[in-house]
Amino acid sequence: MQWLWTILLLIGSNVCMTFAWYGHLKLQEMHISDGWPLILVILLSWGIAFFEYCLQVPANRIGSDINGGPFNLMQLKIIQEVISLTVFTLFVTLVFKGESLHWNHLAAFICMIAAVFFVFLK
C-alpha cells in the first residue's frame, strides 16, 4: 500500500503546486487580482505551496526505499515529474480555455512514460 499512498500524496502535492505556480494567472485573467502588488501574489503562492510541502515530504518519506518504501530516489523523481506534467496538462486544458494539446505535447508525454519504464528496469 506504500506505493499507492505515495502516488496519491504526490498527486495532491502537484495539484497544490500547480495552483501555487499558475493559479494566480487565472485570478488575473478573471480580473480578481488586478492591481495586487507582486508581493501579495507571492505570499498567496507561498501559502498554497505550504500545503504542497505537507503532502510532498510525506510522499517521499513513505515511498523512499531509505525508509522501507518501494521506490528508490530516481524512481520517485521520475514518477513525480510524470504526475507533475499530467496535473499541469489537465489544469491548463481545463482552466485556461485558450490552451490546447497538440501532437508534440502527446509525443513528449510518451517520452516521459518511456522514462518511467526505463527507470524501473533492473
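Rule-based calculations on the coordinates, nothing more; no lab input. All values reported here derive from a predicted model rather than from experimental measurement.
Once the chain from TYR53 to VAL41 is taken as fully extended at 0.36 nm per residue, the excess over their C-alpha distance is 2.5 nm. Multiplying the residue separation of GLU81 and VAL119 by 0.36 nm and subtracting their alpha-carbon distance yields 12.4 nm. Across the range 94-107, computed HN-Hα scalar couplings (Karplus, 6.51 cos²θ - 1.76 cosθ + 1.60, θ = phi - 60°) run 8, 8, 9, 5, x, 9, 9, 7, 10, 4, 5, 5, 5, 4 Hz from first to last residue, x flagging Gly and Pro.
The alpha-carbon of LYS77 sits under 23 angstrom from the alpha-carbons of these lysines, leaving out residues fewer than 8 places away in its chain: LYS122. Stretching ILE66 away from VAL95 to a fully extended chain increases their span by 6.7 nm, per 0.36 nm per residue minus the current alpha-carbon distance. Across the range 9-15, computed HN-Hα scalar couplings (Karplus, 6.51 cos²θ - 1.76 cosθ + 1.60, θ = phi - 60°) run 5, 5, 4, x, 4, 6, 4 Hz from first to last residue, x flagging Gly and Pro. Counting only residues at least eight positions apart within a chain, or on another chain, the aspartates and glutamates with an alpha carbon under 13 Å from that of LYS26 are ASP34, GLU99. For the range 2-119, what class follows from the C-alpha gyration tensor (a ≥ b ≥ c being the square roots of its eigenvalues): rounded when a/c is under 1.5, otherwise prolate if a/b is larger than b/c, else oblate? Oblate shape, in that a/c is at least 1.5 and b/c is the bigger or equal ratio.
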